[in-house]
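Colleague: This structure is in structure tokens; I'll ask about it shortly.
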Amino acid sequence: MSDNLYEVVWPRSERTRAPEPLAPRLETLEGKTVAQLWDFIFRGDEIFEILEAKLAERYPNVSFVSWRDLGCTHGEDERAVLASLPERFKELGVDAAISGMAC
């Protein structure tokens, strides 16, 4: 190998399944129920309070399911919490979710 020639490896693997279509976007949040998901790491308690207030100003009939009621999306119970979300969303009539996470 020459001093100026290097092998390069692509960091992603080949796709093992085809991409699935995304769920359709809601036209409005008016009259909808929005779940708040958080990993309990960085200021979600503050951020969700602000988001909730601002969204309620814009959409007076929006309702929220608090992150407090849904469990932490990170940590030792995260698999169980995430696996339970589809059923919990159905039970609670959730139309959309905001997922907050720390970086």
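The values are calculated or read from the model by the stated rules, or taken from the named source; none is laboratory data. Given the structure is predicted, the values throughout are model-derived calculations rather than measurements. Neighbour counts run over all protein chains shown; Cβ positions are idealised from the backbone, glycine included.
Colleague: Suppose we filter region 3-48 for residues that are surrounded by 10 or more Cβ atoms within 10 Å (Cβ to Cβ) and closer than 30 Å to residue 75 by Cβ; how many remain?
Modeller: Within region 3-48, residues that are surrounded by 10 or more Cβ atoms within 10 Å (Cβ to Cβ) and closer than 30 Å to residue 75 by Cβ number 18.
Colleague: Sticking with this one: So for region 56-68 (the condition being of a type outside the set (D, E, K, R) and at pLDDT below 90), does at least one residue qualify?
Modeller: yes
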